[in-house]
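Just below is one structure, and these are the notes that go with it.
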Ligand code: NA7
């Protein structure tokens, strides 16, 4: 950390201006009357939706529930056009929120936080940015997103490639011209599965490099049904309340029926109906045990494999696309539009890089380990993220007595509720590791965290607490609980980014909380009602700075 003196003091620094940062800032400023500085890496608001501008980028939550619920007027005045919100529309929505609540004045754009150090004597953080800012604050609140540090695999030769290449999460704002071009897409996660059908239509030729075949469910996307939207608006508060008390943050209850209790005919009928309904309904609405019981899961996995065989004309290509090495929904469930159909196009080829990995990127394309060369003009890396911890660990975060977050998390993230970490006083994380976060409809989880943190800060103020820290024991117990729940699920059976398995050398630890948004919310509420058990609270050793 530089030695220059701080130029500014605020009550709170908020890192990031996506859904989480915008609402956090609003809460701090409007409800708590605090001063806050938001730092944002991009030159606009939106977070994930600012960066992910690749063709086909869309949210897998239906639009009417992929939004803030804190303001009834906002709910009523905003009308989504897509059944699933597309990236430009979500970005427009977040810009609308920023303008409507006059949030931009609190945000410094084009600025990344590089370091945050806590001083035990003053009970203050000093935060530094890549723009030379140095600011002290009582609180640091991370609103950095769970999937915000992109991963480009370390394949030799990328520097020598003479064409264009892009990562889906850092897509050029002016777009990429695919017409007449030969394109390679590496990766078949959400970003690959969404972009591949669009790039196939726009380009001369597309080669997809697939490491792991995926289960993906059709979105059955379309425009919003206006009659449905009218009904939603008439009952919005109730719908949002239902989402908040559900397991995954959606306003419908998950099935309570076991896949093993019903006849084969009935099961197939249910799967077929939900396939036609589309999206997460297939996973959440079918059977209660497909995420928990391998035999139950096999019925869903086999149904999807059957669909792939049915959709894909060429049996050899279909065979390559069949996911067999992991159960359905053990990796992030994917939602697509015309994904498998795309492989019936004459201008699309599929290359299996599980068995023949890409060995080198040459000046003109890619070479796989079986000696095949693929000449391309554009390479799209849909290769994912150093999820949940990557963005934290890029910053030099030091807590009490100089404790480094990088050291603390060297064997995987450790938090209390995904909201706080022992020895990092007065630091809160919005949807941090150990919270439901990526296993839920994100705005629902974000709102819950922002509101819980705000209430806690208010409580601390009322009780004259300067310094609050998670207790080590509470954190240890929470981490054990997160692991115990994960062990009961299918999630442990895949090499997924939930487990850090996509990043070479990253500890294999299941990072989100799989116990459900409803259960988690109740636990957080109980903790608050008990006077915030699991936290130590103290006055600082020196009088705290005031504005
Ligand atoms: P994902 O879901 O992490 O997908 C990344 C894809 O890239 C996946 O198919 C990976 O294969 C593949 N990949 C990653 N590294 C490599 C290397 N080194 N070589 C070849 N292939 C590789 O990222 P997305 O951006 O699609 O989605 C991120 C989240 O955004 C998503 O889950 C939603 O929450 C929204 P693998 O499966 O690891 O074998």
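Bear in mind these aren't lab numbers, they're just calculated from the coordinates by the rules spelled out. Small disclaimer: the values here were computed from a predicted structure and weren't measured. In this analysis, Cβ positions are derived from the backbone assuming ideal geometry, glycine residues included, and neighbour counts consider all displayed protein chains.
Using only alpha carbon pairs under 8 Å that are at least six residues apart, calculate the relative contact order of the range 225-314 and give it in whole percent. The partial results should precede the final answer.
On the way: 69 pairs, mean separation 20.0, N = 90.
Once normalised by length, the contact order is 22 percent.
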With contacts defined as alpha carbon pairs under 8 Å and 6 or more residues apart, what's the relative contact order of the range 285-423 in percent? 11
With Cα coordinates, the longest principal axis of the chain makes an angle with the long axis of helix 294-311, in degrees rounded to 10, of 50
Would you mind putting 14-20, 115-121 in packing order, based on average other-beta-carbon counts within 10 Å, highest first? 14-20, 115-121
Which ordering of 331, 233 is given by a fewest-first count of other beta-carbon atoms within 10 Å? 233, 331
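Can you tell me the order of 151-160, 511-520 when each peptide is scored by its average per-residue count of other Cβ atoms within 10 angstrom, highest first? Mind showing how you got there, number by number?
On the way: 151-160: 13.7, 511-520: 22.0.
With the highest mean Cβ count within 10 Å placed first, the list reads 511-520, 151-160.
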In terms of the Cα gyration tensor, with a ≥ b ≥ c the square roots of its eigenvalues, is the range 87-237 rounded because a/c is under 1.5, prolate because a/b exceeds b/c, or oblate? oblate
On a 0 to 90° scale, report how tilted helix 517-529 is relative to the longest principal axis of the chain, with both axes built from alpha carbons and the result rounded to the nearest 10. 10
Which FRET efficiency value, to the nearest 0.05, is calculated for residue 110 and residue 363 with the Förster distance at 45 angstrom and r the Cβ-Cβ distance? 0.85
Which whole-number percent gives the relative contact order of the range 465-547, counting Cα pairs below 8 Å spaced six or more residues apart? 46
Can you list the equivalent-ellipsoid semi-axes of the chain, largest first and in whole Å, using the square root of 5 times each Cα gyration tensor eigenvalue? 39, 28, 23
Shape call for the range 467-511 from the C-alpha gyration tensor, a ≥ b ≥ c root eigenvalues: rounded (a/c under 1.5), prolate (a/b greater than b/c) or oblate? oblate
Expressed as an acute angle from 0 to 90° and rounded to the nearest 10, what is the orientation of the C-alpha long axis of helix 190-202 relative to the principal long axis of the chain? 50
Within a 10 angstrom radius of the beta carbon, how do 168, 207, 7 rank from fewest other beta carbons to most? 7, 207, 168
Starting from 0.36 nm per residue, how many nanometres of slack lie between residue 159 and residue 317 once their C-alpha separation is accounted for? 53.7 nm
For the range 229-280 and the range 418-433, compute the distance between their C-alpha centroids and round to whole Å. 33
Quick check: Cα centre of the range 25-53 to Cα centre of the range 136-155, how many Å? 14
Could you tell me which of rounded, prolate or oblate describes the range 187-259, using a ≥ b ≥ c as the square roots of the eigenvalues of the alpha-carbon gyration tensor, with rounded for a/c under 1.5 and, failing that, prolate when a/b is larger than b/c and oblate otherwise? oblate
Mean Cβ-within-10 Å packing, highest first, puts peptides 373-379, 60-66 in the order 60-66, 373-379
